[in-house]
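Presented below is the structure to which this report refers.
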Amino acid sequence: MNAQLKPASAHIRPLRESDVVRAMEIERKAYPFPWSEAIFRDCFKSGYSGLALEQSGVLLGYGWISCAAGEAHIMNVAVEPDLQGLGHGKHLLKRLIDVARWYRAERVLLEVRRSNVVAISLYHHMGFNEIGQRPNYYPAQGKREDALIYAMELHSPWLAALALQETGLP
Ligand SMILES: CC(C)(COP(=O)(O)OP(=O)(O)OC[C@H]1O[C@@H](n2cnc3c(N)ncnc32)[C@H](O)[C@@H]1OP(=O)(O)O)[C@@H](O)C(=O)NCCC(=O)NCCS
């Protein structure tokens with residue numbers, strides 16, 4: 001994998017079933033307790049929205065979001081571990097939020113392991129707020145781990161500020 005692959009030239013497109021093999025490589029490297037391939041494939045059948053982050057024909061990351069009844073739920077977001085920390089996660093998350101807006105969701109929810117400091121930092125950075133916890137939600141080595149529940153209201157001033165930053169407007 002080329003470590004020079006930068007977010008500026010990576011693009012987002014819908015995730016396809018033909019991405020599953022490569023996506024599962026990322027999934028297994030990125031998570032200590034990855035989704036199974038069956039769960040990944042079921043997301044296509046369930047009508048969830050999947051986004052692929054691709055550069056030069058190589059899948060670098062992906063995200064899944066489900067949108068219903070005014071609420072969106074980010075179910076997964078992962079970046080190839082060799083290419084983390086380059087802004088790809090932020091890029092994917094912004095586009096997942098765009099999908100939620102397209103479905104006219106009023107808020108976006110997600111769960112994250114208490115120990116996942118990188119993802120938590122990303123969610124804070126994007127304007128998500130912790131709204132609750134699910135004790136012992138995730139499997140973990142030898143015991144279970146709590147999930148923190150994060151939410152973002154889609155009229156958040158944080159997002160407006162981020163959008164302005166991107167357009168370069170004062
Ligand atoms: C979480 C994940 C998607 C973030 O993607 P990424 O490409 O590494 O993140 P980015 O480079 O876009 O960084 C975005 C923000 O995350 C935070 N971040 C990134 N790397 C970090 C690190 N090593 N330590 C602390 N915070 C970090 C920062 O807030 C950063 O913003 P900044 O660069 O402006 O400071 C990625 O690390 C990943 O795939 N992790 C494994 C799967 C996972 O845990 N997914 C989330 C499940 S809830």
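Observations on the model:
Here's the yes/no breakdown for (1) more than 9 Å from the ligand (Cβ to nearest atom); (2) among the hydroxyl-bearing types (Ser, Thr, Tyr):
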residue	(1), (2)
45	yes, no
49	yes, yes
56	yes, yes
62	yes, yes
66	yes, yes
70	yes, no
73	yes, no
80	no, no
86	no, no
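- Selected residue (criterion: nearest to residue 10 (Cα to Cα)) from residues of the stretch 100-117 that are in a helix (DSSP H, G or I) and either within 16 Å of the ligand (Cβ to nearest atom) or among the small types (Gly, Ala, Ser) (or both): 100
- Taking the stretch 118-131 as the range and being in a loop (DSSP other than H, G, I, E, B) and away from the ligand (no atom under 11 Å from the Cβ) as the test, only 127 passes.
- Residue count, the stretch 94-112 (criterion: touching a residue at least 40 places away in the same chain (Cβ under 8 Å) and in contact with a helix residue (DSSP H, G or I) (Cβ under 6 Å, 6 or more places away or on another chain)): 1
- Evaluation of residue 33 against (1) surrounded by fewer than 12 Cβ atoms within 10 Å (Cβ to Cβ); (2) more than 16 Å from the ligand (Cβ to nearest atom); (3) at pLDDT 95 or above (one fails), failing number: (2)
- Reported count of residues in the stretch 69-97, each being in a loop (DSSP other than H, G, I, E, B) and of a type in the set (S, T, N, Q), is 1.
- Figure legend. Inter-residue proximity from the stretch 113-127: first residues within 17 Å of residue 96 (Cβ to Cβ), second residues more than 8 Å from the ligand (Cβ to nearest atom) and in a helix (DSSP H, G or I), beta-carbon distance below 6 Å, spacing 6+ or different chains. Indicated pairs: 127/158; 127/159.
The values are calculated or read from the model by the stated rules, or taken from the named source; none is laboratory data. Keep in mind that what you see is a predicted model, and the values were worked out from it rather than measured. We place every Cβ from the backbone using ideal geometry, glycine too, and count neighbours over all the protein chains shown.
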